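Asker: First the structure, which I've put down as structure tokens, then a few questions once you've had a look.
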Amino acid sequence: MKTISIINLKGGVAKTLTADSMAHVLATFHNKRVLLVDNDKQGNTSKAFGVHSYDDKSISDVLTARRLDPWEVIRKTRFENIDVMPANMALIRANMEVLMDSTRPQQTRLRAALNTIAAENFYDYCIIDNAPDINISTINALVASDEVIIPIKIDEYAFDGLAELKEQIDNTRDDLNPRLRLAGCLITCFQRTDADRQGEAWLQDKPEYPVFKTHIRYSEKVTESTFAKSPIAEYSRRSAAAMDYIAFVREYLGRGKA
């Protein structure tokens, strides 16, 4: 099971859209079994796949409970090949609780849970949708991951926090997870403006930030799809964003074969 963290310290850059779309395309176009881990207190991935709840176990329990079977947290969705480990606002409390608990390792709890799941060889991919923050739950995600994808929306503040995030990735690799690598930056909400082209070119000139060739074009259909609680490639297969996410996943899988 390959584990991928989708993360950026900025909000509004299409992290959840990228995580959900990548999972959906892998599952429906490439017949891969995917576990989506919602690691954001907003729970938007959980809501999108109809598993958001305060009555059932969530990632908060994975981080705080002792001797928990992680399979108890996973919820089925209407998609045969997509399951979700949900999140809700209890993650705020869980982050504080983990930091206050010095009786056992704090940074490796999610990795231990995902290792238990991976041992069953049931899923091909695990995709983690992270909050726009560096807290103990996102550090847990980086420690548990093989790769990181950073969605970036080009605007005046597009690259704020990018160096800090790269440093956190490097530190996590050096100290806790030597297999972790930055798979690349994914330009999202792209429009054919001079600003977007210049921002993309600036990023491509920085060798420390690999950039996927595919960028995700802006599409009004994306907002409609969130109300419909339907992945963009299902809601509007011919929309620019849907076609781009399909191309992006193809590029991502192609890199692995190179």
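Asker: Pull up all non-local amide H partners of PHE190: gap of 5 or more, or a different chain, and H-to-H distance under 5 Å with H placed in the peptide plane.
Answerer: Correct list: ILE216, ARG217, TYR218.
Asker: Averaged per residue, what accessible surface does segment 162-258 expose to a 1.4 Å probe, in Å²?
Answerer: Details: 5450 Å² over 97 residues.
Computed with neighbouring chains in place, this is 56 Å² per residue.
Asker: Using a 1.4 angstrom probe on heavy atoms only, work out the carbon and sulfur share of the accessible area of the chain in %. Could you put the intermediate results ahead of the total?
Answerer: On the way: 5670 of 11900 Å².
C and S atoms contribute 48 percent here.
Asker: Okay, moving on. Whole percent per 10 Å bin, from 0 to the bin with the longest distance: what is P(r) over all C-alpha pairs of segment 40-83?
Answerer: 26, 55, 19, 0
Asker: Please sort by residue number the GluC sites (Glu not before Pro) in segment 200-258 whose DSSP state is loop and whose Cβ has at most 13 other Cβ atoms within 10 Å.
Answerer: Values: sites: GLU200, GLU208, GLU220, GLU224, GLU234, GLU251; in loops: GLU208, GLU220.
In loop regions of segment 200-258 (DSSP not H, G, I, E or B), the sparsely surrounded GluC sites (Glu not before Pro) are GLU208, GLU220.
Asker: Okay, next question. Given all pairs of different Cα atoms, what value in angstroms does the Kirkwood hydrodynamic radius of segment 33-135 take? Numbers along the way, then the final one.
Answerer: Numbers: mean 1/r = 0.0725 Å⁻¹.
Computed over Cα pairs of segment 33-135, the Kirkwood hydrodynamic radius comes out at 13.8 Å.
Asker: Suppose all protein chains stay in the model; what accessible area per residue would a 1.4 Å probe give for segment 1-125, in Å²? Could you put the intermediate results ahead of the total?
Answerer: On the way: 5500 Å² over 125 residues.
Per residue, segment 1-125 has an accessible area of 44 Å².
Asker: When the Karplus curve 6.51 cos²θ - 1.76 cosθ + 1.60 is applied with θ = phi - 60°, which whole-Hz ³J(HN,Hα) does each residue of segment 22-28 get, with x for Gly and Pro?
Answerer: Ordered by residue, 3J(HN,Hα) equals 4, 4, 5, 5, 4, 6, 9 Hz.
Asker: Then there is this: Taking segment 5-76 as the region of interest, what is the percent of Cα-Cα pairs per 5 angstrom bin, listed from the shortest bin to the one with the maximum distance?
Answerer: Once binned at 5 Å, the Cα pair distances of segment 5-76 give 3, 14, 24, 22, 20, 13, 4, 0.
Asker: Are there any trypsin sites (Lys or Arg not before Pro) in segment 62-134 that are in a DSSP loop and have at most 16 other Cβ atoms within 10 Å? List them by number.
Answerer: Values: sites: ARG66, ARG67, ARG75, LYS76, ARG78, ARG93, ARG109, ARG111; in loops: ARG66, ARG67, ARG78.
Sites meeting the loop and neighbour criteria: ARG66, ARG67, ARG78.
Asker: Here's a follow-up. Within the set LYS15/LYS221; LYS41/LYS76; LYS47/LYS221; LYS32/LYS206; LYS57/LYS153, which residue pairs have Cα atoms separated by over 28 Å?
Answerer: LYS32/LYS206; LYS57/LYS153
Asker: State whether segment 160-236 is rounded, prolate or oblate according to the following rule on the C-alpha gyration tensor (a ≥ b ≥ c being the square roots of its eigenvalues): a/c under 1.5 gives rounded; otherwise a/b larger than b/c gives prolate, and the remaining case gives oblate.
Answerer: Numbers: a/c = 2.89, a/b = 1.51, b/c = 1.91.
Cα axes put segment 160-236 in the oblate bin.
Asker: Quick one: which residues, 5 or more positions from ILE128 or on another chain, have an amide H under 5 Å from its amide H? H modelled 1.01 Å from N in the peptide plane, none for Pro or chain starts.
Answerer: Residues meeting the amide H criterion: ILE4, SER5, ILE6, VAL37.
Asker: Could I get the Rg over Rh figure for segment 63-211? Both from C-alpha atoms, Rh via Kirkwood, rounded to two places.
Answerer: Numbers: Rg = 17.4 Å, Rh = 17.4 Å.
Reported Rg/Rh, Kirkwood definition of Rh: 1.01.
Asker: Once the cut-off is 26 Å, how many percent of the Cα-Cα pairs in the chain end up in the long-distance tail? Don't skip to the end; give the middle numbers.
Answerer: Working: 11898 of 33153 pairs.
So the pairs more than 26 Å apart make up 36 percent of the total in the chain.
The values are calculated or read from the model by the stated rules, or taken from the named source; none is laboratory data. Here the structure is a predicted model, which is why all the values come from computation and not from measurement. Cβ coordinates were reconstructed from backbone atoms using ideal geometry, including for glycine residues, and neighbour counts include every protein chain displayed. Areas reflect the complete protein model, heavy atoms only, side chains present, ligands, DNA and RNA absent. Shrake-Rupley method; radii C 1.70, N 1.55, O 1.52, S 1.80 Å.
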